[in-house]
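Everything below concerns the one structure shown next.
The values are calculated or read from the model by the stated rules, or taken from the named source; none is laboratory data. Note that the coordinates shown come from a computational prediction; the quantities given were computed from them, not determined experimentally. Virtual Cβ from ideal backbone geometry, glycine too; neighbours counted across all protein chains shown.
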Ligand code: DMJ
């Protein structure tokens, strides 16, 4: 039988009521189908196990995946004008409870449990709510939004294995989670206020120049490349100073030109300019900064054209020529071994291995060199012979300091695989313990002295105060717990270098008393050494110590230091100044100079120290260069 006529017959057999019900049901189902399709898109997609983001990506941008959320928290809106410190008044009343981003132990995954950050019960007052990153307006480039919501395809962070030409993407697009933002604390607000005050001076009197001279309301030039502005870019990003950042970005876009007949120091321009541009690229996702980083990176490469491949100290970035200082053919060991994090990252980002090759060669060469003393290196290396010179003098201070720091940090950056770096680091710390550690009187402070041709000197540069932080970072990454113990002892000493001085600010160099004498403190200061350049090292180490232990005393020590900077180095018309005499509170003798690292490092580390947000530059994802510019760890833990 024909199916159609069978259906017709059955239909006629139904009552009128039954026919009406069936017709009504058909009509109802048809209307529902149309509505659900037009309001929900393709409903079948929700039956797949793909995330909504994935589904949206596939439907909206064919071939492109939406970027993951930024690794950093949403921007923290800076407070308005707080007036003169210390009469700070927060914009909004405190807002408990303090919101923590993610589980409290999120960041700490090292094998040593005892070094983990315990859950911190934040007692500091919460000041205001940050703004959600998603709601932020876009910069001129449509793919960038404030704090790094970048629409780019996903990339892994593995280093280039051979001549990989695939460029890498900024870390800001790789974060796997965007968690609740953490409000800033009162102390962080004070740091923001200090930054703004410093920035006001720079903007009013030194805009686009290297350093502010806050007393004479002018500026000084070193390389003529807007050093302070570049050094401060990522600090503004981290502090949430959006307007200031955008203004500085415009200067970088329109006025930063490297095609200049000017000699720059390879090390200083690498750590401040290349490092600053790379980290700002990672935090913001703005390709302008990567383009500028490539430009300066290429212009610095002539420094490596030496007989030994140990780079010259100076490069003319306009002419493409390089040379050692006029009086010698030596370079400083710290300088040639503390440019690696930046050049390696530049290779990873560009896919051009020449940068990494040049700096890796230096490390490999130094690894094999004789003239070390239990892992401790001399301070100079000859660019012709490639040999250490001025043998027999060992310090963790000027000219050697960041060699040790970069051994550990390169090992961390590369995913803890480059064993020679770790070996050299571990050996060097053993060398420090064996030759340079002593205890002072009367307080028995552990300090790192110097060794000159077998003679111990109880002299310690403030620069050495990077060491507690570095030791703590190593311990956090699974190195021996002894390193953490040493870090704890040394940071106490660094704090005492401030606390035992009349202004509460450390001099550039101290000498420790090895023998108890009535009326003498541990710390002695020679007239030539009593200046303070607003250096960051102690605050830097306080930040690491607080991150890894959660002990509030480190925050309190940092707070004291910030207050003393405000008391003795703040210039009312804008800016902060280095001082000549930390021993004279009634006249600390201002030097009329604000170093770029005050904004690049000191205030950044202060802000991070006063934060309980372990994801505000998560130390399992980022490693700081020696100028406090965070660069991604290639294989985050
Ligand atoms: C900075 O330029 C860097 O931290 C460098 O490693 C040492 N000196 C200054 C800060 O003190």
Count - residues of region 620-637 that are within 16 Å of the ligand (Cβ to nearest atom) and closer than 12 Å to residue 171 by Cβ = 3
Would you pick out the residues in region 548-605 that are assigned to a loop (DSSP other than H, G, I, E, B), more than 23 Å from residue 470 (Cβ to Cβ) and within 16 Å of the ligand (Cβ to nearest atom)?
-> 569, 577, 578, 582, 591, 593
Taking region 271-303 and keeping only residues that are surrounded by 23 or more Cβ atoms within 10 Å (Cβ to Cβ) and either more than 17 Å from residue 252 (Cα to Cα) or within 16 Å of the ligand (Cβ to nearest atom) (or both), one is left with 271, 272, 273, 274, 275, 276, 277, 278, 279, 300, 303
With the condition kept exactly as written, say whether any residue in region 490-503 is in a strand (DSSP E or B), touching a helix residue (DSSP H, G or I) at 6+ places or on another chain (Cβ under 6 Å), away from the ligand (no atom under 16 Å from the Cβ) and under 27 Å from residue 410 (Cα atoms).
-> no
Just one of 616, 609 is closer than 22 Å to residue 410 by Cα and either more than 14 Å from the ligand (Cβ to nearest atom) or surrounded by fewer than 21 Cβ atoms within 10 Å (Cβ to Cβ) (or both); which is it?
-> 616
Residue 516 being farther than 24 Å from residue 187 by Cβ and in contact with a strand residue (DSSP E or B) (Cβ under 9 Å, 6 or more places away or on another chain) = no
Residue list for region 515-547, filter: in a helix (DSSP H, G or I) and within 16 Å of the ligand (Cβ to nearest atom) = 529, 537, 538, 539, 540, 541, 542, 543, 544
Close pairs from region 594-613: first farther than 22 Å from residue 222 by Cα, partner assigned to a helix (DSSP H, G or I) and near the ligand (Cβ under 9 Å from one of its atoms), Cβ under 8 Å, at least 6 apart = 605/540
Select from region 327-364 the residues that are closer than 16 Å to residue 632 by Cβ and in contact with a helix residue (DSSP H, G or I) (Cβ under 7 Å, 6 or more places away or on another chain) and list them in ascending order.
-> 340, 341, 342, 343, 344, 345, 346, 347, 349, 350, 355, 356
Across region 216-267, what is the number of residues that are under 14 Å from residue 596 (Cα atoms), over 24 Å from the mean Cα position of the chain (by Cα) and assigned to a helix (DSSP H, G or I)?
-> 0
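Okay, residues lined up against (1) crowded, with 22+ Cβ neighbours inside 10 Å; (2) within 15 Å of the ligand (Cβ to nearest atom); (3) modelled with pLDDT under 95:
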residue: 320; (1), (2), (3): no, no, no
residue: 323; (1), (2), (3): no, no, no
residue: 339; (1), (2), (3): yes, yes, no
residue: 343; (1), (2), (3): yes, no, no
residue: 348; (1), (2), (3): yes, no, no
residue: 352; (1), (2), (3): no, no, no
